[in-house]
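Report on the following structure.
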Amino acid sequence: KGVESDMTVALSNRSMRLYVPTSADASVLVENVSYDERTRRFSAYVSTPGSKVVRVTGRVQRMLNLPVLNRRVLKNEMIRAEDVKWIRTPSDRVQQDIVMHIDDLVGKTPKRGLRAGSPIRSSDVRRPILIKKGSLVTMILKTPLMTLTSQGKAVENGSDGDVIRITNTQSNKIV
């Protein structure tokens with residue numbers, strides 16, 4: 001009761017071993033299980049045929065599937081769907097700013113090199129820069145009766161969907 005299918009068991013004593021004689025049936029008997037739903041801690045007595053009874057304690061943890069990189073991705077390199085793999089990790093180890101959905105990674109670029117297999121913070125990735133600061137751009141103003149174009153210089157970097165400031169090269173006014 002109180003344990004859902006997306007949870008796993010973490011034993012307090014991970015070095016514990018249970019040995020089963022080769023002549024015995026390889027079955028495990030679990031008795032006297034007590035579980036606290038609030039703390040998610042449990043204890044139980046476990047035994048195998050021909051072995052002594054051992055008290056086992058631990059915690060039940062909710063697990064999350066997180067998208068991580070399957071290879072090192074360098075700064076400004078585009079992250080593709082093939083670069084992403086999924087790992088299961090305990091939910092209490094996941095910080096709030098960790099990327100949880102693949103859509104938040106694919107098509108983005110790292111702000112710095114990212115290593116494989118580690119959770120990625122949302123602040124570590126951004127949309128790819130399409131307009132670099134200082135590059136020449138063409139400004140276009142369209143109305144139903146006319147189209148006006150002028151050359152400008154980008155004052156800041158810009159990604160798809162960004163509104164950036166541009167200096168008109170003829171009038172030196174910032175638009």
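The values are calculated or read from the model by the stated rules, or taken from the named source; none is laboratory data. Note that the structure is predicted; figures quoted are calculated from it, not measured. Neighbour counts run over all protein chains shown; Cβ positions are idealised from the backbone, glycine included. Heads up: the accessible areas ignore ligands, DNA and RNA and are worked out on the full protein's heavy atoms, side chains in. Shrake-Rupley method; radii C 1.70, N 1.55, O 1.52, S 1.80 Å.
Quick notes on this one:
- Index of the failed condition, residue 133 passing every other in (1) within 23 Å of residue 8 (Cα to Cα); (2) touching a residue at least 24 places away in the same chain (Cβ under 8 Å); (3) loosely packed, with under 14 Cβ neighbours inside 10 Å: (1)
- In the stretch 143-162 there is no residue that is closer than 28 Å to residue 83 by Cβ and touching an Asp or Glu at 6+ places or on another chain (Cβ under 6 Å).
- Residue within the stretch 52-62 that is assigned to a loop (DSSP other than H, G, I, E, B) and either open to solvent by less than 30 Å² (accessible area, probe 1.4 Å) or without any contact (Cβ under 8 Å) to a residue 40 or more places away in the chain (or both) present: yes
- Residues being in a strand (DSSP E or B) and either under 19 Å from residue 14 (Cα atoms) or open to solvent by 80 Å² or more (accessible area, probe 1.4 Å) (or both) - total across the stretch 36-50: 7
- Residues in the stretch 154-171 that are open to solvent by 100 Å² or more (accessible area, probe 1.4 Å) and at pLDDT 90 or above: 163, 165.
- Qualifying position, being of a type in the set (Val, Ile, Thr), out of contact with any helix residue (DSSP H, G or I) (no Cβ under 8 Å at 6 or more places or on another chain), modelled with pLDDT under 90 and within 17 Å of residue 117 (Cα to Cα), among 28, 68, 94: 94
- Residue that is most open to solvent (accessible area, probe 1.4 Å) [pool: residues in the stretch 66-86 that are in a strand (DSSP E or B) and free of Cβ contacts under 8 Å to residues at least 40 places away in the same chain]: 86
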